[in-house]
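The values are calculated or read from the model by the stated rules, or taken from the named source; none is laboratory data. Remember, it's a predicted structure, so these values are computed and weren't measured experimentally. Positions of Cβ are backbone-derived with ideal geometry, glycine not excepted, and every protein chain shown enters the neighbour counts.
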Amino acid sequence: MKQLERSSRKIQETIPTDYKIFEKERIDKFFKTIPYKGRNLLDFISNMMSELIVRHGLPNTNHRTTILFTGVILDELDIPFPDYDIAVEKDRWIDDCNRYIDGSKAILKNRKTDYDYALKHLEWTKEWLTEVTDHQSLSSGMMSFHLLTTLRKVSSSSDRLLSSVIK
C-alpha cells in the first residue's frame with residue numbers, strides 16, 4: 001500500500017502545473033499593435049509567431065503552444081500547416097517542431113549578449129515556416145485590416161482550445 005502511495009505521489013510530482021494562464025487581453029492587444037500593412041501572409045505570420053515566442057505571450061509550453069496557435073490561425077486561413085499529413089507523418093512533424101524549437105532556444109539563449117537576437121529569431125521563424133507550409137499560399141496573400149480583425153476574433157475564441165491542449 002505504501003509503495004502505491006509513493007508511486008502515486010511521484011506521478012503527481014511529474015505532471016506540470018499551470019504557471020502562466022492564457023491572457024486574452026494581452027493577445028488581443030498584441031493583434032491590435034502588430035504591424036500588418038504592406039506585409040504578405042508569410043511576413044505577418046512569421047512576425048506573429050516570433051513575437052509571441054520572444055514575448056512569451058502564451059501559456060506554459062511557449063514554443064509548442066505558439067506552434068499550435070499558429071496552426072489555428074493558418075487553419076482559419078485555409079493554409080495547410082504543415083503541408084503534409086501529420087497523421088501519416090507524425091514523426092516528421094515532431095522532428096520538424098523539435099528542430100524549430102531547438103533553433104529558437106539557441107537564439108534566445110543569447111538574448112542578453114546579442115542585441116540582434118529578435119531579428120535572428122524572426123529570420124529563423126520565417127525560414128522554418130517556409131519549409132513546413134505551402135510557401136505559395138503564404139507569400140502570395142496580403143494582410144488586410146479585415147483579415148487582422150478576423151484573426152483577433154479567432155485568437156480570442158481559441159483560449160478553450162489552447163487550454164485543453166496544454167493540460
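Kindly evaluate Leu74 against the criterion of being surrounded by 19 or more Cβ atoms within 10 Å (Cβ to Cβ), at pLDDT 80 or above, farther than 21 Å from Tyr117 by Cβ and in contact with a Gly (Cβ under 8 Å, 6 or more places away or on another chain). The answer is no for Leu74. Among residues of segment 23-40 that are touching a residue at least 60 places away in the same chain (Cβ under 8 Å) and surrounded by 15 or more Cβ atoms within 10 Å (Cβ to Cβ), those with a Cβ under 9 angstrom from a residue that is assigned to a loop (DSSP other than H, G, I, E, B) and hydrophobic (A, V, I, L, M, F, W, C), sequence gap 6+ or separate chain, pair up as Ile27/Leu58; Tyr36/Met143; Arg39/Met143.
Could you list all residues from segment 84-129 that are of a type in the set (Val, Ile, Thr) and either surrounded by 13 or more Cβ atoms within 10 Å (Cβ to Cβ) or more than 18 Å from the chain's Cα centre (by Cα) (or both)? Matches in segment 84-129: Ile86, Val88, Ile101, Ile107, Thr113, Thr125.
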